[in-house]
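Input: a single structure, listed below in structure tokens.
The values are calculated or read from the model by the stated rules, or taken from the named source; none is laboratory data. Predicted model only: the values in this text are computed from it and were never measured. Neighbour counts are summed over all protein chains in view; Cβ atoms, including those assigned to glycine, are modelled from backbone coordinates with ideal geometry. In case anyone asks, the SASA skips ligands and DNA or RNA and just uses the protein heavy atoms, side chains included. Shrake-Rupley method; radii C 1.70, N 1.55, O 1.52, S 1.80 Å.
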Amino acid sequence: MENSPILAQRLANPAAPPQVAAVPWISSGALQISVGVLIDNLSAVMLFIVTAVALLVQIYSTGYMDHEPEFGFSKFFAYLSLFTASMLGLVLSTNFVQIYMCWELVGLSSYLLIGFWYYKKSAADAAKKAFVVTRFGDAGFLLGIIVTYWLVKSVDFVGPNSALDKMAQLAQTHPQAVAIAAILIFCGAVGKSAQFPLHIWLPDAMEGPTPVSALIHAATMVAAGVYLVSRCFTLYQASPDASAVVGWIGGITAIVAASIGVVQSDIKRVFAYSTVSQLGYMFMALGVGTQAGLAAGNFHLLTHAFFKALLFLGSGSIIHVVNTNNMWKMGGLRKAMPITHFTMLCGCLALSGLPPFAGFWSKDAILGAAIHTNAMFWPAILGYIAAFLTGFYVWRLYFVTFGGEFRGGDPRAPHDASVTADAHGHDAHGHDAHGHDAHGHDGPLVPHETPANMWFPLVILAMGAVGLGFLNADALHMEYYTHFMLAGHEAPTADAGNPWPLLGLSTLIAVAGTFLAFVMYGKDPKKGEEGLKRTLGPVYGLLENKYYMDEMWSWLLTNTMFLGATVANWFDATVIDGVFVRGTGAFTYFVAQLLREEHSGRLQQYAMMIVVALCVIIVGVGVAEPHFVLNPAQFLNLLGIPTGAPGAGVPLR
């Protein structure tokens, strides 16, 4: 049994206690930190998600990145492997310090991969934006770890010295302190999982290669935040205030991101905002504060990993063929790319929450748990509105991309001089200055199916998008995933009773969004978009500009951080450098110029200076000590004049 896969071991005995293998790492007084591996049901599921999706992404990448030169191809897979290894280290961590180290490695890996095509300014800027924005959340996470250690003198997740258990006990007497620590830790999840208001980096991360987008959105970076809150669920369960913050942030994020996705034209950005919205659902579930919410949130993480990886890789297949991300240059791909079309159809059905696909069961479990919890009622209402918007933007994308006639893509025209090429003269799509791709093709695009190493992963992921939901179909009494996640814990406390009315409501909402998209875009997509613009009016521009969140952050940074940096720079240049550094040098130079005049080489002048100095010293001592007695003989001896007798001392006054 020891040689069987970890998930199989946990499935065989789900109620088994967590397994920990750790060695001492840092020892300094009361601070004792180990490094090791933690295996329980949660980490076993995360290991399955990360390794399964990463494997399929790596297989897919062998086809998608085949235009890269040899060095770039090898470098890409090195970065991809580092990304996966960092995430695996994160989900296996035994304490806060170890998880924080892997947390930062995940951030570094994302920076390298988002900016992989560094010769494109947009990609380089997106990498920097992702790295900087997530640092805001990571700073809060680090403060949360420090506060936790300060309160309970521990950073371990499990065991007799568990910081989480101690914090749960401390919450009974010091709820405010525990809530502050929990919210600070949640800041890390807000950054990594792109929650409002730090969600602005994730859509721009689409500048990286599509396999990177799939890995970030499905199994690594954004999943890290959900895993962190799930790992610390004991802490949030003990702090209703912190749980409410988690749930409200999730609900707000779900509807904000879904509304922006309604008007996007870049196929990858539609799915990017979809990811942000779906992550909001997961945090809404965790904010419920019950074991049922924990199970529902993590089940949606599992199903979402498969159907979102499918949708991103499917969009990558389309981009690989039509040479553009713009949906309005696609169309008519249903017959030209039958495998890609069928698999993406499965992904769209799952994402929009239509039964019996995976997203239907997991999303409904979240909404059911939230709608029956007083603190989460209104976030759940936001979730239902976001479900309608999700159904609309998913099928808008589907009809624009696959319906109608092919609208030409970006042909293999002469290379755009405004796009910087790599060292081999190829742009981000592998085309040289003559419009030839890595395979020598040129001229007008003819849509076609991608090679097997690209569509095979889509088929595997489509199976998950179709069938994974039945692992936790509560209405069919198939709650296998919930029982596995809660084995050894309390029973679900947010049971919705009869789930069929809520299932019917969520289905009706999803169907309404789908039907509206069909009516508007099913026959003439461009006419439907014109109708959407007329209907929304100025709101269309607001959504198209993403609520001006980028501009708001730019204004805040300019008027706070940059202003503070300007003041600090002035203080450093004027006071520190000007007064203390250069001022000290100038004063020393001035004194030296005065003293150099005294070094004349005349003995008489030196003798006079000695006499004057001694007189000054004597007068100064006399003023300070009125009762001081001076011996004249000693004074003459000081001047070098010999005396025969010590002489009698006389007072100076």
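Here are some notes:
- Ranking TYR548, TYR227 by solvent-accessible area of protein heavy atoms (1.4 Å probe, all protein chains present), from largest to smallest, gives TYR548, TYR227.
- Plainly put, segment 311-409 has a radius of gyration that is 1.10 times its Kirkwood radius, both from alpha-carbon atoms, as the Rg/Rh ratio.
- For VAL35, the residues whose modelled amide H falls within less than 5 Å of its own, excluding neighbours fewer than 5 places apart on the same chain, are VAL23, TRP25.
- The label point for PHE342 and the one for TRP378, both projected 7 Å from the Cα toward the Cβ, are 4.8 nm apart.
- Extension gain (nm, one decimal) between VAL575 and ASP524, 0.36 nm per residue minus Cα-Cα: 11.6 nm
- Relative contact order for the chain, counting Cα pairs under 8 Å that sit 6 or more residues apart, in percent: 12 percent
- In terms of its C-alpha gyration tensor, segment 9-136 comes out oblate, because a/c is 1.5 or above while a/b does not outweigh b/c.
- Computed over protein heavy atoms with a 1.4 angstrom probe, the accessible surface ordering of LEU310, LEU11, LEU476, LEU382, largest first, is LEU11, LEU476, LEU382, LEU310.
- Rounded to the nearest whole angstrom, the semi-axes of the ellipsoid equivalent to segment 132-246, taken from the Cα gyration tensor as √(5λ), stand at 29, 14, 11, largest first.
- Calculated P(r) tail over 50 Å for the chain, as whole % of Cα pairs: 26 percent
- Cβ-Cβ FRET estimate between PHE562 and HIS174, R0 fixed at 25 Å, reported to 0.05: 0.10
- Cα centroid separation - segment 298-318 against segment 335-370, whole Å: 10 Å
- Cα gyration tensor, segment 66-115 - rounded (a/c under 1.5), prolate or oblate: prolate
- Most to least accessible of GLU68, GLU479 (protein chains only, probe 1.4 Å): GLU479, GLU68
- Cβ-placed point charges (K, R +1; D, E -1), dipole of the chain about Cα centre in debye, nearest 20: 580 debye
- As a length-normalised measure over Cα pairs under 8 Å and 6 or more apart, the relative contact order of segment 99-173 settles at 17 percent.
- Burial order of peptide ranges 213-221, 12-20 (average beta-carbon count within 10 Å, highest first): 213-221, 12-20
- The chain, helix-only ellipticity at 222 nm - DSSP H runs n ≥ 4, -39,500 (n - 2.57), divided by all residues, nearest 500: -21000 deg cm²/dmol
- Listed pairs LYS121/LYS268; LYS120/LYS526; LYS120/LYS268; LYS75/LYS268; LYS268/LYS329; LYS329/LYS526 exceeding 20 Å between Cα atoms: LYS120/LYS526; LYS75/LYS268
- For the chain, complete DSSP H runs whose alpha carbons reach 27 Å or more along their own long axis and whose mean Kyte-Doolittle score is 1.0 or higher are 41-64, 70-91, 240-261, 291-322, 377-402, 500-521, 603-624.
- Structural size metrics of segment 251-366, computed from C-alpha coordinates, are Rg and Dmax of 15.0, 48 Å.
- Taking the average, over residues, of other Cβ atoms within 10 Å as the packing measure, peptides 79-91, 260-272 rank 260-272, 79-91 from highest down.
- MET463 versus TYR548: modelled label distance in nm, points set 7 Å from Cα along the beta carbon direction: 5.1 nm
- The antiparallel fraction among DSSP beta bridges confined to the chain stands at about 95%.
- Considering all C-alpha pairs of segment 185-246, those separated by over 16 Å amount to 48%.
- Positive-end residue of VAL20, MET206, THR588, charge dipole of the chain with Cβ unit charges: THR588
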